[in-house]
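Report on the structure given below.
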Amino acid sequence: DFPQELLNLFDRYVHGGIDLRQFLDGAQKFAVGGITATALFEMLRPNYAWAIQVQENDSRIKAESVTVPSPRGNEGISGYLVRPANAAGKLAGVLVVHENRGLNPYIKDVARRLAIAKFIAFAPDGLTSVGGYPGDDEKGLQLFTQVDGAKMREDFLAAATWLKSRPDCTGKLGAVGFCFGGGVVNYLAVRMGADLAAAVPFYGIQPSAAD
């Protein structure tokens with residue numbers, strides 16, 4: 001059990017309101033009984049290995065890395081494409097949009113879960129233009145701030161359009177996003193209108209009037 005003030009502090013860090021150093025400074029007063037602020041951070045940060053539900057080598061899926069052209073964005077966006085291994089005929093597509101850390105293992109697992117459920121899932125990496133998800137959330141957050149936000153949204157729009165138009169897709173497309181990704185899903189709902197059949201934002205900012 002953690003004090004609510006500490007959880008609120010971690011929530012601010014997760015959503016980019018403060019950096020890691022500021023979190024550690026604020027968490028220092030909760031570091032008692034031989035537990036350091038760094039240890040508290042390690043306790044609170046997600047353990048992706050524990051959350052995996054579908055392993056990468058699961059025989060029920062086929063997964064590959066693909067790059068989608070994005071001429072109005074950062075020229076291209078790479079991502080993780082997953083389909084059922086025994087798919088017969090066309091399937092509906094689902095775009096999976098990550099948090100403000102990049103295409104981390106949890107988001108890839110969500111894509112695999114959707115493939116098990118008989119969808120074509122594509123999880124793009126918004127950090128493609130700066131080298132992609134670096135394998136560490138803290139480094140991913142730092143890279144995230146270096147990417148032009150408007151161009152990144154265009155990258156996700158390009159990915160959604162590409163997935164919807166694939167020959168093995170029925171043309172019915174949904175999108176699910178987490179935190180930053182929820183805001184992207186809201187943006188896609190406005191930009192794509194009826195071309196997006198379902199939008200599931202796990203919170204996220206609302207589109208502006210300019211969108």
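Tally up the residues in the range 29-57 that are more than 25 Å from residue 100 (Cα to Cα) and open to solvent by 30 Å² or more (accessible area, probe 1.4 Å), please. The number of residues fulfilling the criteria is 8.
If you go through the range 8-18 and keep only what is touching a residue at least 24 places away in the same chain (Cβ under 8 Å) and either assigned to a loop (DSSP other than H, G, I, E, B) or exposed (fewer than 12 other Cβ atoms within 10 Å of the Cβ) (or both), you end up with 15, 16.
Considering only residues of the range 174-200 that are open to solvent by 50 Å² or more (accessible area, probe 1.4 Å) and of a type outside the set (A, V, I, L, M, F, W, C), which is farthest from residue 155 (Cα to Cα)? Only one residue fits best here, namely 195. Taking the stated definitions as given, is residue 62 in a helix (DSSP H, G or I), open to solvent by 60 Å² or more (accessible area, probe 1.4 Å) and over 23 Å from residue 179 (Cα atoms)? So residue 62 fails the test. Answer with yes or no whether residue 152 is more than 17 Å from the chain's Cα centre (by Cα) and open to solvent by less than 40 Å² (accessible area, probe 1.4 Å). No; evaluated as a whole, the condition is false for this residue.
Per-residue answers, yes or no, for (1) modelled with pLDDT under 95; (2) under 24 Å from residue 15 (Cα atoms):
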residue: 93; (1), (2): no, no
residue: 122; (1), (2): no, yes
residue: 135; (1), (2): yes, yes
residue: 154; (1), (2): no, yes
residue: 161; (1), (2): no, no
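For residue 41, the requirement of being farther than 26 Å from residue 123 by Cα and modelled with pLDDT of 85 or more is not met.
Taking the criterion of being touching a helix residue (DSSP H, G or I) at 6+ places or on another chain (Cβ under 6 Å), more than 25 Å from residue 148 (Cα to Cα) and surrounded by 19 or more Cβ atoms within 10 Å (Cβ to Cβ), the residues of the range 75-118 that qualify are 82, 83, 93. Considering only the range 178-189, I want to know if a residue exists there that is on the phi < 0 side of the Ramachandran plot, touching a helix residue (DSSP H, G or I) at 6+ places or on another chain (Cβ under 6 Å) and of a type in the set (Ser, Thr, Tyr). The answer is yes; a qualifying residue exists. Each residue in the range 201-211 was checked for being surrounded by 14 or more Cβ atoms within 10 Å (Cβ to Cβ) and assigned to a strand (DSSP E or B), and 1 pass.
Cβ-Cβ contacts under 6 Å between residues 6 or more apart (or on different chains), taken from a first residue in the range 133-155 that is closer than 20 Å to residue 105 by Cα to a second residue that is aliphatic (A, V, I, L, M) and part of a helix (DSSP H, G or I), are listed as 138/20; 143/130.
Does residue 21 satisfy the condition of being farther than 24 Å from residue 178 by Cβ, among the basic types (Lys, Arg) and either out of contact with any helix residue (DSSP H, G or I) (no Cβ under 8 Å at 6 or more places or on another chain) or modelled with pLDDT of 95 or more (or both)? Yes. All told, residue 24 falls short of being open to solvent by less than 30 Å² (accessible area, probe 1.4 Å) and closer than 30 Å to residue 189 by Cβ.
The values are calculated or read from the model by the stated rules, or taken from the named source; none is laboratory data. Bear in mind the structure is a predicted one, so any value in this text is a computation, not a measurement. Virtual Cβ from ideal backbone geometry, glycine too; neighbours counted across all protein chains shown. When the accessible area is computed, the model is the full protein with side chains, heavy atoms only, and any ligands, DNA or RNA have been set aside. Shrake-Rupley method; radii C 1.70, N 1.55, O 1.52, S 1.80 Å.
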